[in-house]
Amino acid sequence: MDVITCPCGSGLTFKQCCQPYHLKMKPAPTAEALMRSRYSAFVVADADYLFQTTHESKRKNHSKNAYLNSAKNTRWLKLEIVFSDFDVVEFKAFYLNKKFETEVLHEKSNFRLEDGKWYYVDGEYYS
């Protein structure tokens, strides 16, 4: 049986880390945990999870198909958490572009806790 390290960079296995959130076995306990699990969802192309963890007020701008296309057309390399607070997470997500050069998505994301569940609201990108 293969043991897959979680893409989020926690050092744990996927089964011990983000997969229980993806399978709805339990909700992500913090904004950072949700952010990490969303990164992992991009890596494994789990568009349903990405859509369900986007705040309802923002879902019209983020379809499941758009998430799936983004996930399948990006080769994610690693995640680095720059800063994390109660409802804000700044991160750098490294990926390969079409020329196979490493690029960085640097974002400060905002999250909202509602009814015991965290949701991604929006983010500010840095260049």
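Derivation of every value follows stated rules applied to the coordinates shown; laboratory data play no part. Remember, predicted model here, so these are calculated numbers, not experimental data. Here the Cβ is made from the backbone with ideal geometry for all residues, glycine too, and neighbour counts use every protein chain on show.
Details
- Lysine pairs meeting the criterion (Cα under 15 Å, 8 or more apart or interchain), as found in the stretch 19-126: 6
- Counting beta carbons within 10 Å around each of 34, 77 and listing the fewest first gives the order 77, 34.
- Selection of chymotrypsin sites (Phe, Trp or Tyr not before Pro), the stretch 27-127, meeting DSSP coil and at most 15 other Cβ within 10 Å: 86, 100
- Judged by the ratio a/c of the largest to the smallest principal axis of the C-alpha gyration tensor, the stretch 1-56 counts as prolate, that ratio being 1.5 or greater while a/b is larger than b/c.
- Antiparallel bridges, percent of DSSP beta bridges restricted to the stretch 19-126 (to nearest 5): 95 percent
- Reported label for calculated Rg and Dmax of the Cα atoms in Å given [x] 15.3, 44; [y] 15.5, 48; [z] 13.8, 43: [z]
- Most mobile of 87, 48, 115 in a GNM of the chain (Cα contacts under 10 Å): 115
- What the Cβ-Cβ distance of residue 97 and residue 30 gives, at R0 = 35 Å and to the nearest 0.05, is a FRET efficiency of 0.70.
- At most 10 other Cβ within 10 Å, DSSP loop - GluC sites (Glu not before Pro), the stretch 39-121: 101
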